[in-house]
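The values are calculated or read from the model by the stated rules, or taken from the named source; none is laboratory data. Keep in mind that what you see is a predicted model, and the values were worked out from it rather than measured. Because the Cβ atoms are built from the backbone with ideal geometry, glycine has one as well, and the counts that use them run over all protein chains shown. Surface areas here come from the heavy atoms of the whole protein model, side chains and all, with no ligands, DNA or RNA. Shrake-Rupley method; radii C 1.70, N 1.55, O 1.52, S 1.80 Å.
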Amino acid sequence: MDYSTNYTFLLLEGHVELEKYRYFYFVIALAVYILIICFNTVVIFIIYSDKLLHEPMYIFIAALLFNSLFGAAVLYPKLLSDLLSAKQVTSYHACMLQAFCIYTYGISEFTLLSAMAYDRYVSICKPLQYATLVKMSTVKKLLFFCWFAPSFEIGLLVILTSRLQLCKYKLDRIYCNNYAIVKLSCGDITVNNSYGLFVLCVAVFPPLIFIIYSYVRILNVCLKNSKEFRRKALQTCFPHLFIFISFTVTTCFEVINSRLEGNVPHIINMIMSVENVIIPPLINPIIYGLKLQEIFKRIKKYFLWKRGNV
């Protein structure tokens, strides 16, 4: 028997005790979103406005923070609206668009972190070739690839999902993701699962292997040089490595969470599902703003100048 139905609207039923904590959730979400916008925008503005920071390393940082703003913009406006709404409803097409954007944000984060690892690797391990290997034209090509490749991969994933006939309309989530939509189908989802696994492997493992390789080489070079060289090298590499590890951990949590929902308490499910759009966008600008002296000095100088002109 064919149970398939064409649903044009989906219900987001992942909120925990919404009627009781509606306004508390709203205030927290709004505060986090404002902080994300402010922190990321400040660092991007500092990099954009200071020509001395128009170097590959800082351009990659600005791109990473812009990606954080993109990921936050995909989630928070809709989430804030839902928290104040009587029913948490979204159209099927809007849900697919949100899933596409959130997945693109996640994979772009990995590709951008890989590009940044390449920049640090060449800078520290092959300093004499840096100007040749990391030209501005190379930076532009890498940035294009970092956003185009994820968009293409996720675009195909969303097209495969859009071909499914849904027989359910309730998402046990607070936002739309592709795997949750796929599970609403009562048809054969083997192709979707296989391609989704392929995208996951391509998105995570090559960047992971390359970053591990690059940092092993960087560590090897650092051990052969002076203490001052090691200090400067690690000062620029630590923020990148910390952010990569934190994003990888939160991504693993989300992947495991989406597969083991029945065995994990619902409140834990919801916390794990939004970690990637809360923690990285919040800590990325803080880590780079505080740990990279060139950015921190300019942020401090800018705000001291503003304060002196008030």
Handout entry: Any hit, the stretch 213-234, residues being touching a Cys at 6+ places or on another chain (Cβ under 8 Å), among the small types (Gly, Ala, Ser), open to solvent by less than 70 Å² (accessible area, probe 1.4 Å) and more than 25 Å from Phe145 (Cα to Cα)
Key = yes
Exercise for the section: Check whether at least one residue in the stretch 249-259 is open to solvent by 50 Å² or more (accessible area, probe 1.4 Å), at pLDDT 85 or above and among the aliphatic types (A, V, I, L, M), and report yes or no. Expected result: no
Practice task
For the stretch 280-293, indicate whether the set of residues that are open to solvent by 20 Å² or more (accessible area, probe 1.4 Å), farther than 27 Å from Ile36 by Cβ and charged (D, E, K, R) is non-empty.
Solution key: no
Fill in the blank from the handout: Taking the stretch 161-188 and keeping residues hydrophobic (A, V, I, L, M, F, W, C), open to solvent by less than 60 Å² (accessible area, probe 1.4 Å) and in contact (Cβ under 8 Å) with a residue 60 or more places away in the chain leaves Leu166, Cys167, Leu171, Ile174, Cys176, Ala180, Ile181, Leu184
Exercise for the section: Go through the stretch 42-52 and count every residue that is assigned to a helix (DSSP H, G or I) and open to solvent by 30 Å² or more (accessible area, probe 1.4 Å). Expected result: 7
Practice task
Taking Ser108 as the residue in question, decide whether it is among the hydroxyl-bearing types (Ser, Thr, Tyr) and surrounded by fewer than 19 Cβ atoms within 10 Å (Cβ to Cβ).
Solution key: no
Exercise for the section: Would you be able to say whether some residue in the stretch 78-86 is out of contact with any Leu (no Cβ under 7 Å at 6 or more places or on another chain), part of a helix (DSSP H, G or I), open to solvent by 40 Å² or more (accessible area, probe 1.4 Å) and under 29 Å from Arg173 (Cα atoms)? Expected result: yes
Exercise for the section: Taking the options Ala86, Ala73, Ala63, name whichever one is free of Cβ contacts under 8 Å to residues at least 12 places away in the same chain and under 13 Å from the mean Cα position of the chain (by Cα). Expected result: Ala73
Practice task
State yes or no: is Val274 within 21 Å of Val32 (Cβ to Cβ), assigned to a helix (DSSP H, G or I), open to solvent by 30 Å² or more (accessible area, probe 1.4 Å) and at pLDDT 75 or above?
Solution key: no
Practice task
Consider Met116 carefully, then state whether it is hydrophobic (A, V, I, L, M, F, W, C), in contact with a His (Cβ under 9 Å, 6 or more places away or on another chain) and in contact (Cβ under 8 Å) with a residue 60 or more places away in the chain.
Solution key: yes
Handout entry: Selected residue [open to solvent by 20 Å² or more (accessible area, probe 1.4 Å), aromatic (Phe, Trp, Tyr) and within 10 Å of the chain's Cα centre (by Cα)] from Tyr118, Tyr103, Tyr92
Key = Tyr103
Problem - Every pair of residues 6+ apart whose Cβ atoms lie under 9 Å, when the first sits in the stretch 281-297 and is small (Gly, Ala, Ser) while the second is assigned to a helix (DSSP H, G or I) and at pLDDT below 85 - result: Gly289/Ile295; Gly289/Phe296; Gly289/Ile299
Problem - Hey, Phe229 more than 20 Å from Tyr105 (Cα to Cα), modelled with pLDDT under 85 and under 19 Å from the mean Cα position of the chain (by Cα) or not - result: no
Handout entry: Some residue of the stretch 144-152 being open to solvent by less than 10 Å² (accessible area, probe 1.4 Å) and of a type outside the set (Gly, Ala, Ser)
Key = yes
Exercise for the section: Would you mind stating whether Glu55 is open to solvent by 20 Å² or more (accessible area, probe 1.4 Å) and either within 13 Å of the chain's Cα centre (by Cα) or under 30 Å from Ile189 (Cβ atoms) (or both)? Expected result: no
Exercise for the section: Report whether or not Thr132 is without any contact (Cβ under 8 Å) to a residue 60 or more places away in the chain, of a type in the set (Val, Ile, Thr), under 28 Å from Leu166 (Cα atoms) and assigned to a helix (DSSP H, G or I). Expected result: no
